[in-house]
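Notes to accompany the following structure.
The values are calculated or read from the model by the stated rules, or taken from the named source; none is laboratory data. Because the structure is a prediction, the values reported are computed rather than measured. Counting neighbours? That spans all protein chains shown, and the Cβs are built from the backbone with ideal geometry, glycine included. The accessibility values were calculated without ligands, DNA or RNA, using every heavy atom of the protein model including side chains. Shrake-Rupley method; radii C 1.70, N 1.55, O 1.52, S 1.80 Å.
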Amino acid sequence: MSEPRRVLLVGATGLVGREVIAACATRADITLSGLARREIPLPQGARIELLLADTAHWPQAIADARPDTVVVALGTTIKAVGGDKAKFRAVDHDLVLTCAEAAKAAGARQLIVVSSVGAELSSRNFYLSVKGEVEDRLAKLHFARLDILRPGLLRGTREGPARPAERLGMILSPLVDRLLRGSLARYRSVRARDLARVIVALIGARPDGRYVHHNPEFRRLLAR
């Protein structure tokens with residue numbers, strides 16, 4: 001019997017991170033560690049070693065974990081940081097790349113990153129241009145396997161202050177999703193629980209290479 005895959009989850013306290021922890025609870029073939037700045041309530045039956053450290057020490061924590069696969073589910077919003085673009089960039093660009101570089105240095109074969117639908121370096125939208133820039137930088141790190149997930153609106157219960165616009169989007173998403181067909185299907189919303197299942201399905205995936213996954217690919221992976 002092969003050894004369990006060592007998986008390190010960066011962003012364990014977020015909406016997607018919490019669902020990844022729950023999705024791994026019954027997977028004996030995965031040894032999950034989570035990297036966070038604070039303690040979090042864990043889902044029932046969770047099997048995870050939670051590594052707590054200030055972000056300045058995350059590269060060392062990643063090196064010590066010696067993961068096979070690193071999942072980066074970090075992310076904030078412009079509104080959450082008070083409209084400060086520099087603070088947004090510090091998380092969604094700088095911290096993501098710092099963790100990815102540390103993962104590469106630690107010998108990780110695979111990197112799985114949650115990005116955003118519409119991510120494009122040349123986008124006039126600041127949020128999407130930062131996401132696109134990060135994707136370009138990640139490709140240049142040359143992981144054996146790089147999986148970039150580009151979800152639309154994430155549905156689920158978040159911690160922290162309410163986001164009225166996001167909540168309204170969740171209410172309307174079942175109707176809007178039905179209108180998004182063909183090439184627009186990639187913009188459909190996705191439950192955080194389902195995105196977590198996609199992440200877990202990709203752990204250890206072959207063959208090597210760079211893969212960008214949108215909503216239609218999520219559906220296919222979940223149907224397997």
Margin query: Residues that are in contact (Cβ under 8 Å) with a residue 60 or more places away in the chain and touching a Ser or Thr at 6+ places or on another chain (Cβ under 6 Å): does segment 194-203 have at least one?
Written below: yes
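For the structure I just gave you, tell me whether Leu121 is in contact (Cβ under 8 Å) with a residue 12 or more places away in the chain and within 16 Å of the chain's Cα centre (by Cα).
No: the conditions fail for Leu121.
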Check: Of the residues that make up segment 67-86, is at least one open to solvent by less than 50 Å² (accessible area, probe 1.4 Å), modelled with pLDDT under 95 and farther than 21 Å from Arg155 by Cα?
Finding: yes
Next item on the list: For segment 177-195, name all the residues that are part of a helix (DSSP H, G or I) and open to solvent by 70 Å² or more (accessible area, probe 1.4 Å).
Entry: Arg178, Leu179, Ser183, Leu184, Arg186, Tyr187, Arg193
Note to self: Looking only at segment 4-42, filter to residues that are of a type in the set (Ser, Thr, Tyr) and part of a strand (DSSP E or B); which one of those is nearest to the chain's Cα centre (by Cα)?
What the structure shows: Ser33
Check: Can you name the residue in segment 1-56 that is acidic (Asp, Glu) and under 25 Å from Gly107 (Cβ atoms) and is also modelled with the lowest pLDDT among such residues?
Finding: Glu3
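Could you say which residue among Ala192, Ala185 is among the hydrophobic types (A, V, I, L, M, F, W, C) and under 25 Å from Gly11 (Cβ atoms)? Can you show your working first?
Details: Ala185 fails: under 25 Å from Gly11 (Cβ atoms).
Among Ala192, Ala185, only Ala192 is among the hydrophobic types (A, V, I, L, M, F, W, C) and under 25 Å from Gly11 (Cβ atoms).
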Notebook entry, point to check: When residues of segment 1-56 are filtered for being touching a Ser or Thr at 6+ places or on another chain (Cβ under 7 Å), open to solvent by 30 Å² or more (accessible area, probe 1.4 Å) and farther than 19 Å from Asp94 by Cα, how many remain?
Noted result: 7
Next item on the list: Within segment 69-98, work out how many residues are in contact with a Ser or Thr (Cβ under 9 Å, 6 or more places away or on another chain) and either part of a strand (DSSP E or B) or in contact (Cβ under 8 Å) with a residue 60 or more places away in the chain (or both).
Entry: 1
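Just to be sure before I move on: is Leu51 touching a strand residue (DSSP E or B) at 6+ places or on another chain (Cβ under 8 Å), under 28 Å from Leu153 (Cβ atoms) and assigned to a strand (DSSP E or B) in the structure I sent?
no
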Check: Exactly one of (1) touching a residue at least 60 places away in the same chain (Cβ under 8 Å); (2) crowded, with 18+ Cβ neighbours inside 10 Å is unmet by Leu111. Its number?
Finding: (1)
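Quick check on segment 208-224: of everything there that is in contact (Cβ under 8 Å) with a residue 40 or more places away in the chain and either open to solvent by 50 Å² or more (accessible area, probe 1.4 Å) or within 16 Å of Ser116 (Cα to Cα) (or both), which residue is farthest from the chain's Cα centre (by Cα)?
It comes out as Asp208.
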